[in-house]
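See below for the structure under consideration.
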Amino acid sequence: MSLIDLRAVSLQYGPRQVVRRVSLQIEQGEFFAIIGPNGAGKTTLLKALSGLHPLHEGTIRIRQRPIDDYAKKELARSLALVPQQVDAGFPFTVAETVLMGRYPHLGLLAVESKRDLELARQAMEFTEVLHLAGRRLGQLSGGERQRVIIARAICQQSQILLLDEPTASLDPAHQLRIMDLMERLRHREQVTIVMVSHDLNLAATYADRLLLLKDGLVEKVGPPREVLTSEQLSQSYGCTLMVDDHPQLGTPRVNLVPEKAAAAINRDRESL
Amino acid sequence: MFGTLPVYRKLVTVTLMLGLLLIAAILLGLTSGSSGDSAAAWQHLLGRGASDATLETIVWQLRWPRVVLAATVGAALSLGGMVFQALLRNPLAEPYILGVSGGSAVGAILGILAGYSLFPGLALSSFAGSLAVLLLVLLLGNRREGGGDALLLGGVMVNAFCGAIIMFLISVSKTVQVQKIIFWLMGDLSAAGTASLPLLLGVLPCFLLIFLLAQPLNLLLTGRESASAMGVNVPAVTLTLLVTASLMVSLTVCHSGLIGFVGLTIPHVLRLILGPDHRVLVPACILAGASYLILCDLLARSLPSQGEMAVGIVTALVGAPLFVVLLWRERR
């Protein structure tokens, strides 16, 4: 039985349909990436998975239970979202922010116990932000802030982690740090990870399976090797993308080809 | 110094310290004033000295109801300011500046003209006035351009308009009762009496409800989607808090008129000292707001050599400059 089960899911923004009849199963412990051009409906699909966007048609089941049957706090105990942006307007400290992840586990008074504090400490240790515990969120760099929000999600202790472009606006070192963190988390806790990403190479390196979405429709689902082909990507993204193999890892590697070079390649091909 | 304490220890420490402050303010409010001798009043409170009927009347019939009213109004206004600042994400939001107090006053005066009694008729018409203004201000501030400033400007204009309506109603009215309510424009606590009881009963559940919603309010400050994903029912929490805060404010306006800036001064000072956690700020705002208005009222009734002045003058003298400082810091 699949952990997450989407059946013919359609989603709308006002009158506009942004996701059309998507069916999909995601298994426990899987690292699953959603890719596709801008406006394909990736983020909307992720929001629907986290219960933030209403379903227009179809069903989403988590552990065989429809997502609409979950109470809000109950759903938050099953899945945690790392949004693209978190407001840092009010001066909460890192420790306070991470502790907020305990909210779905707390009672009416929402006062944390020693155990909650310990869980927050462990989460901060894991994402290497413990030394920042007393700092304000607004004083941190983008990479540090992202690690704090991931610590908050870990503190939530949900078995499913939903990430919305977790590495956007980070330098390569921070991108790798975040992704390696996800990898360790998955192996240590058997956490299932669903990630929306524009970085096809990161997705190719870390994900078990990919969903390629375009105009709200499923173009292709499968392991990176099957989804990331030159023909498929060039057609879906509407530009020339060449896929070869990573020299060390052997995973597919996506290369950008500028317009001029693409024209030259096509000419060569025709002249052969 | 409070940064590293777990929230329950922080809560207990802050509640005890500000609780002591409130007790001190109440004792001071009971023993000092323009009439009578304060040393004798202390003796009376401690149960010593000869029994004195005049002193007993002054302390328990005049000062005690007034201290209780000041405490309740101060607590409700500062808590209301805290809620509006957090929900509207604007550090300058406050019931008086947003015009919510003004709307309540117009509602209350219309209630008086209609001949309603203080409770529940007046309380309800005042509540309706505050909700109407809140809705109007939210619509005005919801425009994309301008952001926070549009909200404040909208509020200031609505407030000015409400002030004009109040003066208009007073000048055309022949009712003796209405002619006396000029104090509505300049908040005043001299109306204290046994009629204050329903007010007290009305704000206490509001305090409790806001305390229970303190952690969802913290989560809301990290973003609506982020809060929702952590299990907060965002529309329900937002609506409950807005309505509760308006109810609290309108109940106080019925008794004391427009007392401005309490909801700005107290939450700001407390946030500076205690940090942004609303689970600590809610009890802190209640206790410190109560103490603050008792002391402001004490100044208002003891500073003038003859008679007394409205407490709204004292709070505005402290609060308006603070507003300017905060506005200047925001702009930087």
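Just by accessible area at a 1.4 angstrom probe, what is the order of A:Arg147, B:Arg271, B:Arg224 from largest to smallest?
On the way: A:Arg147 10, B:Arg271 30, B:Arg224 140 Å².
Ranked from most to least accessible, the order is B:Arg224, B:Arg271, A:Arg147.
So what's the gap between the Cα centers of segment B:54-109 and segment A:141-184, to the nearest angstrom?
Taking the Cα centre of segment A:141-184 as reference, the centre of segment B:54-109 is 45 Å away.
Straight distance only, please: which lysines reach the Cα of A:Lys260 with their own Cα at less than 27 Å, same-chain residues fewer than 8 apart left out?
List returned: A:Lys214.
Which residue, B:Ser117, B:Ser171, A:Ile26, has the largest displacement toward the positive end of the dipole of the protein assembly as shown when charges sit on each Cβ (Lys, Arg +1; Asp, Glu -1)?
Most positive-ward Cα: B:Ser117.
In what order, largest first, do A:His131, B:His255, A:His198, A:His174 sit by accessible area if the probe radius is 1.4 Å? Spell out each step's value before the answer.
Values: A:His131 135, B:His255 20, A:His198 75, A:His174 55 Å².
Descending accessible area places them as A:His131, A:His198, A:His174, B:His255.
Taking accessible area as the heavy-atom solvent-accessible surface of the protein chains with a 1.4 Å probe, which residues of segment A:31-72 lose no less than 50 Å² upon going from the isolated chain to the full protein assembly?
A:Leu52, A:Lys72
What accessible area per residue comes out for the protein assembly as shown, rounded to a whole number of Å², with a 1.4 Å probe?
Numbers: 26850 Å² over 604 residues.
Here the residues of the protein assembly as shown average 44 Å² of exposed surface.
Quote the total accessible area buried by chains B and A together, excluding ligands, DNA and RNA, probe 1.4 Å, nearest 100 Å².
Numbers: alone 15580 and 13840 Å², together 26850 Å².
The B and A chains share an interface burying roughly 2600 Å².
For segment A:213-222, just list the computed ³J(HN,Hα) in residue order, Karplus coefficients 6.51, -1.76 and 1.60, θ = phi - 60°, integers in Hz, with x standing in for Gly and Pro.
10, 9, 6, x, 10, 6, 8, 6, 10, x
Could you calculate the contour length gain from B:Leu16 to B:Ser171, that is, 0.36 nm times the residue separation minus the distance between their Cα atoms, to one decimal place in nm? Show your work: numbers first, answer last.
On the way: separation 155, 0.36 × 155 = 55.80 nm, distance 4.79 nm.
Roughly 51.0 nm would be gained on extension.
Return the long-range amide H neighbours of A:Leu211 (sequence gap of 5 or more, or a different chain), with a cut-off of under 5 Å between placed amide H atoms.
Answer set, sorted by chain and number: A:Ala33, A:Ile34, A:Ile35.
Would you work out what percent of the accessible area of segment A:78-124, with all protein chains in place, is carbon or sulfur (probe 1.4 Å)?
Details: 1020 of 1870 Å².
The C+S portion of the solvent-accessible surface of segment A:78-124 is 55 percent.
Quick one: pull the percent of accessible area on segment A:229-272 belonging to carbon and sulfur, 1.4 Å probe, ligands and nucleic acids left out.
The value for segment A:229-272 is 54 percent carbon and sulfur by accessible area.
Starting at the first residue of segment B:269-282, write each ³J(HN,Hα) from the Karplus equation 6.51 cos²θ - 1.76 cosθ + 1.60 with θ = phi - 60°, in whole Hz, x for Gly and Pro.
4, 5, 4, 5, 7, 9, x, x, 5, 5, 5, 8, 5, 4
What does the structure give for B:206-213 when I average, per residue, the other chain Cβ atoms found within 10 Å of the residue Cβ? Could you put the intermediate results ahead of the total?
Working: counts 0, 0, 0, 0, 0, 2, 3, 1.
Average neighbour count from other chains, rounded to a whole number: 1.
Any idea what the dipole of chain A comes to, in debye rounded to 20, about its Cα centre with Lys/Arg Cβ at +1 and Asp/Glu Cβ at -1? Can you show the working numbers first?
Numbers: 33 positive and 32 negative charges, 122 e Å.
Result for chain A is approximately 580 debye, rounded to the nearest 20.
Within segment B:7-331, what whole-number % of the accessible surface is contributed by carbon and sulfur, with the 1.4 Å probe and all protein chains included in the calculation?
On the way: 9520 of 13620 Å².
Of the solvent-accessible surface of segment B:7-331, carbon and sulfur hold 70 percent.
Between A:Asp171 and A:Asn38, what is the FRET efficiency for a Förster distance of 25 Å, r being their Cβ-Cβ separation, to the nearest 0.05?
That gives a FRET efficiency of 0.70.
Mind jotting down the distance between the C-alpha centroids of segment A:47-107 and segment B:250-283, whole Å?
Measuring centre to centre over Cα atoms gives 31 Å.
If I fit a long axis through the Cα atoms of helix A:142-155 and take the longest principal axis of the Cα atoms of chain A, what angle between them do I get, 0 to 90°, rounded to 10?
60
The values are calculated or read from the model by the stated rules, or taken from the named source; none is laboratory data. As the structure is a prediction and not an experimental result, all values here were calculated from the model. Here the Cβ is made from the backbone with ideal geometry for all residues, glycine too, and neighbour counts use every protein chain on show. Note: accessible area is taken over every heavy atom of the protein model, side chains too, but ligands, DNA and RNA are not part of it. Shrake-Rupley method; radii C 1.70, N 1.55, O 1.52, S 1.80 Å.
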